[in-house]
1. All but one of (1) under 18 Å from ARG92 (Cβ atoms); (2) under 14 Å from the mean Cα position of the chain (by Cα) hold for ARG216, so report the exception by its number.
2. Which one of the conditions (1) surrounded by 16 or more Cβ atoms within 10 Å (Cβ to Cβ); (2) without any contact (Cβ under 8 Å) to a residue 40 or more places away in the chain does PRO34 fail to meet, given that it meets all the rest?
3. Which residues, taken from region 42-71, are over 16 Å from LEU28 (Cβ atoms), surrounded by 17 or more Cβ atoms within 10 Å (Cβ to Cβ) and among the small types (Gly, Ala, Ser)?
4. Do we find that GLN210 is in contact with a Lys or Arg (Cβ under 8 Å, 6 or more places away or on another chain), outside any helix (DSSP H, G or I) and open to solvent by 20 Å² or more (accessible area, probe 1.4 Å) in this structure?
5. For region 129-154, enumerate the residues that are over 13 Å from LEU115 (Cα atoms) and not hydrophobic (A, V, I, L, M, F, W, C).
6. Please list, ordered by residue number, the helices (runs of 4 or more DSSP H) wholly in region 22-125 having 1 or more residues that are under 15 Å from the mean Cα position of the chain (by Cα).
7. Of everything in region 136-158 that's open to solvent by less than 10 Å² (accessible area, probe 1.4 Å) and assigned to a helix (DSSP H, G or I), which residue is nearest to ALA191 (Cα to Cα)?
8. Please count how many residues of region 162-179 are aromatic (Phe, Trp, Tyr) and either modelled with pLDDT under 90 or not in a helix (DSSP H, G or I) (or both).
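The values are calculated or read from the model by the stated rules, or taken from the named source; none is laboratory data. Computed from a prediction, not measured in an experiment: that's the story for all the values here. Cβ atoms come from the backbone with ideal geometry, glycine included; neighbour counts cover every protein chain shown. These area figures cover heavy atoms from the full protein model, side chains too; ligands, DNA and RNA do not enter into them. Shrake-Rupley method; radii C 1.70, N 1.55, O 1.52, S 1.80 Å.
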Amino acid sequence: MKSEASKAQRAGLPVHEKVYRDLRDAILFGEFEPGEPLTIQGLVARLDAGMTPVREALRRLTAEGALLAMGNRRIMVPVLDLPDVDELTEARLALEAVLTKRAVLLISEAEIAELAEIDARLDSAIGRGDVSLYLKENHAFHARLNEIAQAPIMTALVDGLWLRFGPSLRVVCGQFGTRNLPDRHKELLTALQERDSDAAVEAIQEDVIQGMDLIRQSMQPDL
């Protein structure tokens, strides 16, 4: 469920942009499984939208790599393989480390408190086993940290990476449960409070590695 603020914000958008963002969120938070085919007719009903904005959203998301065009007008959610996961991990480690280092220099006490509030909601979602809320709050934590870094080009690149592994992360939650999903947010918050760049980068990189390793494990269940 979107927050009331998010709903109000999107209500003022052009229809094509709202449909794009709604479909993007559905992919990002794993509402479609890897390998699942998408049809225009199905999305028209799901998103309560016309065919033209749905087609445009599919075109944009395919161009961004969030969806895969299979020919004969078939579109599906991509299925990651192990090299994909390795590449995504390397890219995240490089980009999110730089963004975190920038955030350490720019973050305010109010912004640290905001991140702590997001993390508290994440912890609550874990305690309740609420997968959907966990995925949204975990993404919100990282997205807000990246926003604080004030590096929009790198942030956009990271946003694209998250869109590619989001469906697989939902699969991980189904296999391992929210209580078994580790993060390093507490260490990161402490490092931000202390303005310790090295510790903050170490925390974010360990967080990335842990999360991506779980995706890797979900693809190799016998290991």
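1. (2)
2. (2)
3. ALA49
4. No: the conditions fail for GLN210.
5. GLY129, ASP130, SER132, TYR134, LYS136, GLN150, PRO152
6. Once the helices (runs of 4 or more DSSP H) in region 22-125 are filtered for at least 1 residues that are under 15 Å from the mean Cα position of the chain (by Cα), what remains is 51-63, 82-106.
7. That would be LEU145.
8. 1
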